[in-house]
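Reviewing the structure listed below.
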Amino acid sequence: MDVDDDGLFRGKDVGKQAEEKHAIVSFYAKLFSTGMKGKWDERVYIELYAGSGHSKIRDTSRIIAGSPLQALALEHPFDKYIFCETNPKALDALRARVERAAPSANVSYIEGIAIKTSAKFCLRFRLTLRGIAFYLCASSTLTTLESSSKR
Ligand SMILES: C[S@@+](CC[C@H](N)C(=O)[O-])C[C@H]1O[C@@H](n2cnc3c(N)ncnc32)[C@H](O)[C@@H]1O
């Protein structure tokens, strides 16, 4: 999904394969959010290495929307989104982009290291929710895409 340069922080340029990764993540997120709609109290999208929301493709002038913005643009959006990111500049830029792109979405931001933040909210999720989570925890490759649930 191409976007205009908004002048906010972006982080490192990415390879062209990022688009393929986004297509796969969006495909599974769409299956999940649509398939689980109406079956659980809450569908939660959790992304541990969220980034800034925009990435420039290396050696081109193209800027693409990151996976968090693509997840917010799904046909049947999740009920809640949790974005974790260790770099405060990236998290601030992501927050600004999300507020512009999806102002009414229910979004929480967690600044910190993925392994620590994930332990905290997994515990909270298990203890409090009657919902289901789409849990994206890989950074540069799509090696660990998993869902967790509790009825
Ligand atoms: C490639 S970017 C993510 C892009 C995003 N997932 C996407 O596809 O649009 C990876 C991000 O992970 C963040 N990061 C790296 N190590 C981290 C860690 N241990 N915990 C949380 N975030 C981390 C980096 O600051 C960077 O913004």
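The values are calculated or read from the model by the stated rules, or taken from the named source; none is laboratory data. As the structure is a prediction and not an experimental result, all values here were calculated from the model. Note that we place each Cβ from the backbone using ideal geometry, even for glycine, and neighbour counts take in every protein chain shown.
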When the range 64-82 is examined, which residues are found to be more than 10 Å from the ligand (Cβ to nearest atom) and outside any loop (DSSP other than H, G, I, E, B)?
Leu72, Lys80, Tyr81, Ile82
Unmet criterion (only one of (1) part of a loop (DSSP other than H, G, I, E, B); (2) aliphatic (A, V, I, L, M); (3) surrounded by fewer than 20 Cβ atoms within 10 Å (Cβ to Cβ)) for Ala50:
(3)
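Working only within the range 75-93, note down all residues that are farther than 24 Å from Leu31 by Cα and touching a residue at least 24 places away in the same chain (Cβ under 8 Å).
Taking the range 75-93 first, the residues farther than 24 Å from Leu31 by Cα are 85-93.
Residues satisfying the conditions are Glu85, Thr86, Asn87, Lys89, Ala90, Leu91, Asp92, Ala93.
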Criterion violated by Ser55 - all others in (1) at pLDDT below 95; (2) part of a strand (DSSP E or B) satisfied
(1)
Against the definition (crowded, with 18+ Cβ neighbours inside 10 Å and touching a His at 6+ places or on another chain (Cβ under 9 Å)), how does Ile82 come out, yes or no?
no
Examine the range 10-19 for a residue that is within 16 Å of the ligand (Cβ to nearest atom), under 21 Å from Phe134 (Cα atoms) and over 11 Å from the mean Cα position of the chain (by Cα), and state whether such a residue exists.
yes
Picked from the range 20-40 (must be within 13 Å of the chain's Cα centre (by Cα) and of a type in the set (D, E, K, R)), the residue nearest to Tyr135 (Cα to Cα) is Lys30
Among (1) surrounded by fewer than 16 Cβ atoms within 10 Å (Cβ to Cβ); (2) farther than 13 Å from Val3 by Cβ; (3) not β-branched (Val, Ile, Thr), there is one condition Arg62 misses while meeting the rest; what is its number?
(2)
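Filter the range 32-63 down to residues that are within 26 Å of Ile115 (Cα to Cα) and either acidic (Asp, Glu) or free of Cβ contacts under 8 Å to residues at least 60 places away in the same chain (or both) and give me whichever is farthest from the ligand (Cβ to nearest atom).
Let us first name the residues in the range 32-63 that are within 26 Å of Ile115 (Cα to Cα), namely 32-33, 42-55.
Next cut, either acidic (Asp, Glu) or free of Cβ contacts under 8 Å to residues at least 60 places away in the same chain (or both) only: 42, 47, 50-55.
On the way: Glu42: 22, Glu47: 6, Ala50: 6, Gly51: 3, Ser52: 6, Gly53: 7, His54: 8, Ser55: 6 Å.
That would be Glu42.
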When every residue in the range 83-107 that is of a type in the set (Val, Ile, Thr) and not in a loop (DSSP other than H, G, I, E, B) is compared, the one nearest to Lys120 (Cα to Cα) is Val107
